[in-house]
Structure formats: C-alpha cells, structure tokens
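Structure first, then comments.
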Amino acid sequence: MLLELARWLAHDIRGFNVFNYITLRAMLATLTALGISFLVGPTMIRKLTQYKVGQAVRDDGPQTHLIKAGTPTMGGALILVAIAISTLLWADLTNRYVWVVLIVTMGFGIVGWVDDWRKVVHRNPKGLSAKEKYFWQSLLGIGAAVYLFYTAEVPAQTTLIFPFFKHLALPLGAVSFIVLTYFVIVGSSNAVNLTDGLDGLAILPTVMVASALALFAYVAGHLYFSKYLGIPYVAGAGELAVFCTAMAGAGLGFLWFNAYPAEVFMGDVGALALGAALGVVAVIVRQEIVLFIMGGVFVVETLSVAAQVTYFKYTKQKYGVGRRIFLMAPLHHHYEQKGWKETQVVVRFWIITMMLVLLGLSTLKLR
C-alpha cells in the first residue's frame, strides 16, 4: 500500500525510490509490527480480561500450571493483526506469494480462533475435535499446495533441495509436491501448537526461524545472490522477507506480554497460524529441509507426543497397562516433571533453537 504511494511520489521526488528496496521495507515492517503490538497489546489484554476470555487449563497437565487458569488467551490475534497490517503497508501487493502466505496464515488463524472460542465459551480444554481441526487444516494446506504447484514457472520451484549438497536435488511431480507441501504446512502448524505450552516457549523460536527465512526469501528472490549461493531462484520470493520480518516484529511485541509470568497466552489462533506461515514460506523458497533443521525444537516436541501416544497404546494392548517413555508429553513437560523450572526449560529451548537456526543459515554457503 505505502509502496504504491512511494512509487507514485517518486515520479516527482526521486528520494522515494528508496522504498523499492526490500531490505528497507523489511526493517520498516519489523518496526511497524512491533509498534502495533506495543500499542494494541495492553488494550487487548484488558478487553480479554474484561470479557473473561481466560485459559482453561487441562486437569491432566502439570499441577504447577493450575495457577495459570483464567489468564487471558487468544492473544495470538494481536500477532495476526500486527502481521497483516504491517505486510499490507510495506509489501508489494501485486506479488502473488504475499497473498498466498497471508491467506494461509489467516486461514489457520481462523481455525485456531474457533478452537480457542470453544475452549473459552464452553470451558472445554480440548476445543475443536481432532477431525474437525485436521479437516480445515488439510483443506487449507492442500489448497495452497495445488496453487503453488500449478502456478510454478520453472522446474526449480517444485524441486526438493537437500542442504549441504550442491548438486543433490529431487524433482517433484504433482502428487509428491502436493503431499510434501501438505505435510510441511500442516505439520509445522501443529508442531508450533504443541510447543506452545510454557510462557514464551513457542514465540521466540518462531521469531528466530522467521528471521532466518526472511534471509532465505531475500536470497531466493535475488537472481545473482541465488545463483552465487547455489539455491533455486524464485522470482518474487524476495517480498516474503517483508512478511517474515513483520512476523518477527509482531512476535517480539507479543513476547513482551507473554514472557514469564505471562499476561496473555497465544492460544491456537496464534500458534496454528504462525506454524503454517513458517511452513508455506519454507515451501515457496524451497527450504523445507532447512525448516526441519531450524525448527528442531518444534520437531522434537511433536515426535515426543507421537512416541508417547504410540508406545502407550502398544503397551496397553500388549500388557493391559499403558506405559510411558516420558514422564509427560510434550517434551517440555517432561523436563518440568524432572524438576526444571519453567524459565529454565524455556531459555534452554531458546538457546537450542538459536544454534539450530545458525546451522540452518550455514547451508547458504556450506554446499
């Protein structure tokens, strides 16, 4: 929106041409999203408290979390508002990738909002049924996958790239691309959602991964940088750097209120949307495996739940009594049960994510 205004003004005042630079608009998107979060956050928290939109805590979770009951939730709506406004202000709205990521992000946000609403209004900690949630997630994920495949302009945009190997790539057909994209988007969405169980645990890793994807998007959308670094050139992908930095700014603003002890929780409205956003950006810039590396904390959290549930069902069927691998799943609860303080778990997972993000960024050159 503001880019179009700047281009119009540039006909008379050449200085406005500076807004054509993605790097400048990415920084401005970060600051705009951060500013919106700071300005709107306190009012939103007061309104959520006023309307008693409080978190319903699972009775089978850690006992230390019972004191969190009633803390305002659905704060992820603040993140989505900041991302949407900032992106619409600073991104090139003629770019189709910008609209793809916005639609997917907001679509998953709506699914999460309905889930949170049921938890709050009906006081049901489980919210949407698994079938309902996966149906709508699948519809959005498959829709995005089909669109991206059939609008791809060159084979490189549908090729699976393996990091650390310069010439190793796997061309994907329609079915394989759609299936892979579906699992990346929906899997990433649910992985972030499962990780969002402690104050600040999910949001800062999301910020770090989004910031790294902004760099990948910028390079992928730059003809010479992508050629020099040996990654697929995706025309127009550079604009996603604006979206990713808006996500980072909104996330940092939310962390101000979500840091321990949290004044507001993200809720599914934020977690499902942010995870899907990371997934669809990674698909567009052809860095699905790198996302798997950088989001290692999200991956391990998800695997811990899958392993716990599978092993419990297997042992219950075989021995009549279900057994557990972890003291409690997801993994962050396991460490709480082992005696780690909540802040210790959160900060240590942050540190791990930072190292994994640096490893992911190293793939830009180590090939």
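The values are calculated or read from the model by the stated rules, or taken from the named source; none is laboratory data. What you see is a predicted model, and the numbers here were worked out from it, not measured in a lab. Note that each Cβ is placed from the backbone with ideal geometry, even for glycine, and that neighbours are counted across all protein chains shown. Protein only, heavy atoms only, side chains kept; ligands, DNA and RNA dropped before computing areas. Shrake-Rupley method; radii C 1.70, N 1.55, O 1.52, S 1.80 Å.
For the chain, which whole-number percentage of the solvent-accessible area (1.4 Å probe, protein heavy atoms only) is attributable to carbon and sulfur atoms? Mind showing how you got there, number by number?
Working: 11910 of 17200 Å².
Heavy-atom surface of the chain belonging to carbon and sulfur, 1.4 Å probe: 69 percent.
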Reduced to Cα centres, the span from segment 312-367 to segment 200-261 in Å works out to 24
Note on segment 204-279: alpha-carbon gyration tensor, axes a ≥ b ≥ c; rule is a/c under 1.5 for rounded, else prolate if a/b larger than b/c, else oblate; result prolate
Separation in nanometres of the label points that stand 7 Å from Cα toward Cβ, at V300 and F16 = 5.0
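Could you tell me which of rounded, prolate or oblate describes segment 299-367, using a ≥ b ≥ c as the square roots of the eigenvalues of the alpha-carbon gyration tensor, with rounded for a/c under 1.5 and, failing that, prolate when a/b is larger than b/c and oblate otherwise?
On the way: a/c = 5.62, a/b = 1.76, b/c = 3.19.
It comes out oblate by the Cα gyration axes.
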Relative contact order, percent, the chain [alpha-carbon distance under 8 Å, six or more residues apart] | 24
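Beyond a 29 Å Cα-Cα separation, which of these cross-linked pairs lie in this structure: K133/K316; K131/K316; K316/K341; K316/K338; K341/K365; K131/K166? Don't skip to the end; give the middle numbers.
Working: K133/K316 27 Å; K131/K316 24 Å; K316/K341 31 Å; K316/K338 24 Å; K341/K365 38 Å; K131/K166 41 Å.
The answer is K316/K341; K341/K365; K131/K166.
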Taking every other residue with Cβ under 13 Å from the Cβ of V192 and scoring Lys and Arg +1, Asp and Glu -1, one gets -3
Using only protein heavy atoms and a 1.4 Å probe, report how much of F19 is accessible, in Å² to the nearest 10.
-> 50
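Which whole-number value in Å² is the accessible area per residue of segment 183-306, probe 1.4 Å?
On the way: 3200 Å² over 124 residues.
For segment 183-306, the solvent-accessible area averages 26 Å² per residue.
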Membrane-span-like helices in the chain: DSSP H runs reaching 24 Å or more (Cα, own axis), mean Kyte hydropathy at least -0.5?
-> 22-50, 96-121, 130-150, 174-195, 203-220, 240-258, 267-284, 296-319, 342-362
By accessible area with a 1.4 Å probe, ligands and nucleic acids excluded, highest first: order of F225, F326, F177 | F225, F326, F177
